[in-house]
Amino acid sequence: MEGQASLDVQKIREDFPIFSRAPRGKPLVYLDSAATSQKPRQVIEAVKRFYEEYNSNVHRGIYSISIEATEAYEEARRRIARFINARSHREIVFVRGTTEALNLVAYAWALRKLKKDDKILLTEMEHHSNIVPWQLIAREKGLKLEYIPIRGDGTLDTSGLDSYHDFRIFSFVYSSNVLGTINDVKQLVRFAHSRGALAVIDAAQAVPHMKIDVQELDCDFLAFSGHKMLGPTGIGVLYAKRELLEEMEPFMGGGEMIREVHLHESRWNDVPWKFEAGTPNIAGAIGLKAAVDYLEGIGMDNVRMHEISLTRYATELLMEIPGMRIYGPLNPEKRSGLLAFTLGDIHAHDLATFLDEEGICVRAGHHCAMPIHTRLGVPATTRASFYVYNTHEDIERLAEALKKAAQVFKIV
Ligand code: PMP
């Protein structure tokens with residue numbers, strides 16, 4: 001894909017109120033969208049309109065504003081289903097985010113379906129939210145975890161795939177939040193299915209940045225978070241094939257997820273509602289719909305091309321800085337719009353603090369992916385991540401500030 005974007009970034013920036021701020025007396029350079037994205041006015045307005053005009057609980061009321069709220073909440077579900085090309089809105093479960101979605105699969109599917117010594121396959125490039133839930137249930141049930149290793153260049157080492165057998169579920173990241181690596185997820189899904197296992201995709205860093213088609217991928221589950229794709233915090237999605245949702249027992253019990261409750265037994269609501277116990281994040285879902293509308297207004301191919309262009313430019317400029325080491329594949333077409341790096345022996349936190357003084361927001365640490373850092377042999381990295389509102393000038397500001405840091409910290 002050529003990195004030439006047809007996207008009017010200046011116009012996009014006008015939609016984001018936060019860019020009128022200058023917390024360090026300098027225009028804000030926000031390079032931490034992989035942690036959470038900024039929100040356009042359209043999303044903020046949709047949430048505000050809900051609270052100001054039709055705030056009420058969903059699925060329960062028989063009065064007009066509750067019907068309006070229910071329709072908006074369910075319209076959000078249909079909109080998101082279309083966005084990822086699910087067969088139906090019945091395959092979309094609203095959750096808090098990727099973490100909850102993956103826990104739902106671990107507890108509601110794996111914990112109940114797997115037997116002692118059954119294997120779960122993961123990769124070494126997972127975020128903690130795609131490791132720890134599996135460890136929790138593995139400990140409880142006596143399951144075994146296996147990991148596909150990563151190569152030195154930050155790509156997944158699929159050369160030994162043939163040696164993995166007898167696993168029941170394979171859960172893997174679409175695009176790494178540290179290495180940027182975009183995995184060949186279609187191949188990984190096919191591999192899982194060829195072994196009779198289910199394929200789970202952590203798409204937290206993919207759905208916000210590229211066109212995703214769950215039918216084409218043929219994955220069984222796919223998880224993502226609204227707050228990384230211009231939407232509010234506290235709302236996310238678990239996509240699941242409907243037959244799996246039908247055969248699964250609920251994750252949480254409570255109101256809304258039931259059809260009938262008796263003192264000693266209950267019957268569940270239809271899917272996906274049987275997985276949405278209690279009052280959901282109504283405003284969040286409505287805000288997420290507005291975010292999806294916004295992203296589709298730009299066009300997901302344009303989003304991706306813009307990020308390729310920014311990543312290419314950032315790689316070029318950063319590589320000129322003495323002591324710079326970027327992790328993951330260097331080809332911007334093979335990675336998502338983020339760069340994790342070290343600069344000489346400057347600690348990632350010191351570097352991020354230095355950049356903050358220049359008005360530049362980046363993330364420092366292990367980015368909830370300690371095993372990747374162990375594999376890379378570094379305790380922490382600094383990460384700059386890009387989105388639709390970032391400009392080539394933002395990248396120049398980053399590169400200038402890093403050059404200055406290299407001088408101040410005397411990196412040769
Ligand atoms: N997986 C990946 C690859 C991520 O980058 C993140 C967020 N950093 C998560 C999972 C967890 O997402 P959330 O915190 O929104 O649940």
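The values are calculated or read from the model by the stated rules, or taken from the named source; none is laboratory data. For clarity, every value in this text was computed on a predicted model and none was experimentally measured. Please note: Cβ atoms are built from the backbone with ideal geometry, for glycine as well, and neighbour counts cover all protein chains shown.
Observations on the model:
- Beta carbons closer than 6 Å, at least 6 apart along the sequence or on distinct chains, pair a first residue in the range 85-107 that is within 13 Å of the ligand (Cβ to nearest atom) with a second that is at pLDDT below 95 for Leu104/Phe251.
- Counted residues, the range 210-226 - those being in a loop (DSSP other than H, G, I, E, B) and either more than 18 Å from the chain's Cα centre (by Cα) or more than 13 Å from Ile84 (Cβ to Cβ) (or both): 2
- Under the condition of being under 21 Å from Thr98 (Cβ atoms) and in contact with a helix residue (DSSP H, G or I) (Cβ under 7 Å, 6 or more places away or on another chain), the residues counted in the range 149-169 number 2.
- Subset tally (residues that are near the ligand (Cβ under 8 Å from one of its atoms) and within 15 Å of Ala81 (Cα to Cα)) for the range 227-239: 1
- Residue match in the range 97-105 (condition: under 20 Å from Asp293 (Cα atoms) and surrounded by fewer than 21 Cβ atoms within 10 Å (Cβ to Cβ)): no
- Test: Leu145 is of a type outside the set (S, T, N, Q) and away from the ligand (no atom under 16 Å from the Cβ): yes
- Residue identified as closer than 30 Å to Ala46 by Cα and touching a strand residue (DSSP E or B) at 6+ places or on another chain (Cβ under 7 Å) among Gly337, Gly297, Gly323: Gly337
- The residue that is nearest to the chain's Cα centre (by Cα), among those in the range 33-63 that are at pLDDT below 95 and surrounded by fewer than 15 Cβ atoms within 10 Å (Cβ to Cβ), is Arg60.
- Residue in the range 173-194 that is among the aromatic types (Phe, Trp, Tyr), more than 13 Å from the ligand (Cβ to nearest atom), assigned to a helix (DSSP H, G or I) and under 29 Å from Ile308 (Cα atoms) present: yes
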